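Chemist: Here it is, the structure in full.
The values are calculated or read from the model by the stated rules, or taken from the named source; none is laboratory data. Nothing here was measured: the structure is a model prediction, and the numbers come from that model. Heads up, the Cβs are rebuilt from the backbone with ideal geometry, glycines too, and the neighbour counts pull from every protein chain shown. With ligands, DNA and RNA removed, areas are computed over all heavy atoms of the protein, side chains included. Shrake-Rupley method; radii C 1.70, N 1.55, O 1.52, S 1.80 Å.
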Amino acid sequence: MGAPSREDEEAKKMEAGGDTVGQKLDAGALFVLQSKGSWLHCGYHLTTSIVAPPLLSLPFAFASLGWAAGLICLVIGAAVTFYSYNLISLVLEHHAQQGRRQLRFRDMATDILGPGWGRFYIGPIQFLVCFGAVVACTLLAGQSMKAIYLIANPGGTIKLYVFVAIFGVFMMILAQMPSFHSLRHVNLISLVLCLAYSFCAVAACIYLGSSKGAPEKDYSIAGANTRDRVFGVFNAIAVIATTYGNGIIPEIQATVAAPVTGKMFKGLCLCYAVVVTTFFSVAISGYWAFGNQSQGTLLSNFMVGGRAVIPEWLLLIIELFTLLQLSAVAVVYLQPTNEVLEGLLSDPKAGQYAARNVAPRVLSRTAAVALGTTIAAMVPFFGDMNALIGAFGFLPLDFAVPAVFYNVTFKPSKKGSVFWLNTTIAVVFSALAVVASVAAVRQIILDANSYKLFANV
């Protein structure tokens, strides 16, 4: 056997409680370093975090963009995020080879841009985005459960918040999975589920769009006037950004056993094979079937007036598979919150499964899920929440920041194409993030009259 690499030695040092400059790691980071994942596990985590039920909102985004602009935005989103996620991976690999393996997004920002960026910008935004994703998943799961209930019991009177609470209780149990790496088998099942409900949704769109009672197809841009259509475009861009969003690339790469070189790229290739297969098929078939009448989620188009407009068994399968995958997606996006709580409450000198660490882990994770469930039940408006999360968080974190990290770390020549490509991506998507955030907030204000705490939507 060959001599251990510098990165292997660094991992051992970090597992012992300190990095190469003598810093101590908190319990959250130490527990992460016990993970020994492969590139396949990495692919499962990536797919669960990206290919999730928000992809069923893509036809809704197309309604504000039209065929040409919708397809262009979808292609650009795939290309830029694949490129950006690889940039983050390369930066992480570079720092690991230099003897400083970074485990979290805020660690990257602190080391590359300075402590202020990690503490006051990247860290808070990532935390809010990830916890917002947990809330959105909980809400969407409650809506799926309610849809299944109405299929089985038309005219049923149980309110949405009851189903949200039921899913929240289930999440409290699933959230006790001890680490990100321990979710690898759950996320493999999640990968299969996202393919299954996507293909079923495509089949439902083709069935409904080609039936005698098919809805009238109008592909004009949605919006009553020019101003509404312009804001609708930026809102749609935010929705697409949310769909491609991840926000936890460093945390996923941290689960991979050292050396990590090349493993993330293989995982991303697996993930994006699923992305291209599902995103484009759902977006195209959904917009073809419903045109500018596409709802905030495709599932809403499959039920009109509380009744299914596609075969009930097919809708039941779609809703069930969606519900099951949402549990995996929610617990994946809960990981940054879990890691922060473990860093605050756990003892790094005790084992991960010691009673001293298990008790606060169970209590803190249960409390975090309870908070997310309460918010989901109180503010049940998934479409508006989806756009705001994308505009405020995913656009800067997943589109702009990786290019900045790469340029600052590797300092590519200003005469070369890489520097200017990265600079262009950072500037354009930073500007889009600002405008899309304004558009998302504006949409929330417009819809505020229909908001009601614990509404039964």
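Chemist: How far apart, in nm, are the 7 Å Cα→Cβ label points at residue 423 and residue 97?
Modeler: Result for the modelled spin labels: 2.5 nm.
Chemist: Determine the calculated [θ] at 222 nm for the chain from helices alone, applying -39500 (n - 2.57) to every DSSP H run no shorter than 4 residues and normalising by the residue count; nearest 500 deg cm²/dmol. Don't skip to the answer; put the middle values down first.
Modeler: Numbers: 18 runs with 308 residues, N = 457.
One gets -22500 deg cm²/dmol as the mean residue ellipticity at 222 nm.
Chemist: What list of ³J(HN,Hα) couplings, whole Hz, do you get for region 265-273 from phi and the Karplus terms 6.51, -1.76, 1.60, once you set θ to phi - 60° and write x for glycine and proline?
Modeler: My calculation for region 265-273 gives 4, 4, x, 5, 4, 4, 4, 6, 5 Hz in order.
Chemist: Turning to a different aspect of this structure: If I model a spin label as a point 7 Å beyond the Cα along the Cα-Cβ vector, how far apart are those points for residue 120 and residue 266 in nm?
Modeler: Label at residue 120, label at residue 266, 4.3 nm between them.
Chemist: Something else about it: Can you give the angle from 0 to 90° between the axis of helix 123-152 and the longest principal axis of the chain, with both taken from C-alpha atoms, to the nearest 10?
Modeler: Approximately 40 degrees, to the nearest ten.
Chemist: Moving on. For the chain, what's the relative contact order in percent, using C-alpha pairs closer than 8 Å and at least 6 residues apart? If you can, show how the numbers build up before the last one.
Modeler: Details: 731 pairs, mean separation 147.7, N = 457.
Relative contact order for the chain comes out at 32 percent.
Chemist: With a/c under 1.5 counting as rounded, go ahead and sort region 155-282 into rounded, prolate or oblate using the C-alpha gyration tensor (a ≥ b ≥ c being the square roots of the eigenvalues; past the cut-off, prolate if a/b is larger than b/c, else oblate).
Modeler: Working: a/c = 1.84, a/b = 1.45, b/c = 1.27.
Judged from the Cα gyration tensor, region 155-282 comes out prolate (a/c at least 1.5, a/b above b/c).
Chemist: Output the Cα-based Rg and Dmax of region 140-185 in Å, rounding Rg to one decimal and Dmax to a whole number.
Modeler: Both quantities, over Cα of region 140-185: 13.9, 43 Å.
Chemist: Same structure, new question: Determine the principal axes of the Cα atoms in region 244-283, then give the extent along each, sorted from largest to smallest and rounded to whole angstroms.
Modeler: In descending order, the Cα extents are 37, 18, 10 Å.
Chemist: Sticking with this one: Determine, for each peptide in 70-79, 367-376, the mean count of other beta carbons within 10 angstrom over its residues, then list the peptides with the highest first.
Modeler: 367-376, 70-79
Chemist: Keeping the other protein chains in place, figure out the carbon and sulfur percent of the accessible area of the chain, with a 1.4 Å probe.
Modeler: Numbers: 12740 of 18490 Å².
Carbon with sulfur: 69 percent of the solvent-accessible area.
Chemist: OK, next. If you project the alpha carbons of region 223-312 onto their three principal axes, what span does each projection cover, largest first, in Å?
Modeler: 54, 39, 20
Chemist: Against the globular-protein guess of 2.2 N^0.38 Å, express the Cα radius of gyration of the chain as a ratio, rounded to two decimals. Could you put the intermediate results ahead of the total?
Modeler: Numbers: Rg = 21.9 Å, N = 457, 2.2 N^0.38 = 22.6 Å.
Ratio of Cα Rg to 2.2 N^0.38 Å: 0.97.
Chemist: Something else: Project the alpha carbons of region 65-221 onto their principal axes and report the range along each, largest first, in whole Å.
Modeler: Result for region 65-221: principal-axis Cα extents of 63, 43, 30 Å.
Chemist: Can you work out the Karplus-derived ³J(HN,Hα) for every residue in region 414-420? Use 6.51 cos²θ - 1.76 cosθ + 1.60 with θ = phi - 60°, whole Hz, and x for glycine or proline.
Modeler: 5, 8, x, 6, 4, 4, 6
Chemist: For region 310-448, what is the accessible area per residue in Å² when the probe is 1.4 Å? Present the calculation step by step, with values, prior to reporting the outcome.
Modeler: On the way: 5770 Å² over 139 residues.
I get 42 Å² per residue for this part.
Chemist: Given a Förster radius of 41 Å and the C-beta distance between residue 370 and residue 75 as r, what FRET efficiency does 1/(1 + (r/R0)^6) yield to the nearest 0.05?
Modeler: On the way: r = 41 Å, r/R0 = 0.99.
After rounding, the FRET efficiency stands at 0.50.
Chemist: Further, regarding this structure: Once you have the Cα-Cα distance between residue 192 and residue 277, take 0.36 nm times their residue separation minus that, and quote the gain in nm to one decimal. Working shown, then result.
Modeler: On the way: separation 85, 0.36 × 85 = 30.60 nm, distance 1.25 nm.
That works out to 29.3 nm of additional length.
Chemist: Could I ask something else about it? How far apart, in nm, are the 7 Å Cα→Cβ label points at residue 225 and residue 363?
Modeler: Reported label-point gap for residue 225 and residue 363 is 5.6 nm.
Chemist: Peptides 264-273, 242-251, 209-218: what's the order by average Cβ count within 10 Å, highest mean first? Can you show the working numbers first?
Modeler: Details: 264-273: 19.5, 242-251: 25.4, 209-218: 10.9.
Output ranking for 264-273, 242-251, 209-218: 242-251, 264-273, 209-218.
Chemist: Could you order peptides 322-332, 407-417 by the average number of other Cβ atoms within 10 Å of their residues, highest first?
Modeler: Numbers: 322-332: 25.1, 407-417: 12.2.
Packing proxy ranking, top to bottom: 322-332, 407-417.
Chemist: Which ³J(HN,Hα) values in Hz, rounded to whole numbers, follow from the phi angles of region 194-209 under the Karplus curve 6.51 cos²θ - 1.76 cosθ + 1.60, where θ = phi - 60° and Gly and Pro get x?
Modeler: Residue by residue, region 194-209 yields 5, 5, 5, 6, 5, 5, 5, 5, 4, 4, 5, 5, 5, 4, 6, x Hz.
Chemist: 5 Å is the cut-off here: which amide hydrogens, built 1.01 Å from N in the peptide plane, fall below it relative to residue 256, excluding neighbours closer than 5 in sequence?
Modeler: For residue 256, whose amide H was placed from the backbone, the distant partners under 5 Å are 37.
Chemist: Further question on the same structure: For region 342-425, rounded, prolate or oblate, judged on the Cα gyration tensor with a ≥ b ≥ c (square roots of eigenvalues), a/c < 1.5 rounded, else prolate if a/b > b/c? Don't skip to the answer; put the middle values down first.
Modeler: Working: a/c = 6.84, a/b = 1.54, b/c = 4.44.
Oblate shape, in that a/c is at least 1.5 and b/c is the bigger or equal ratio.
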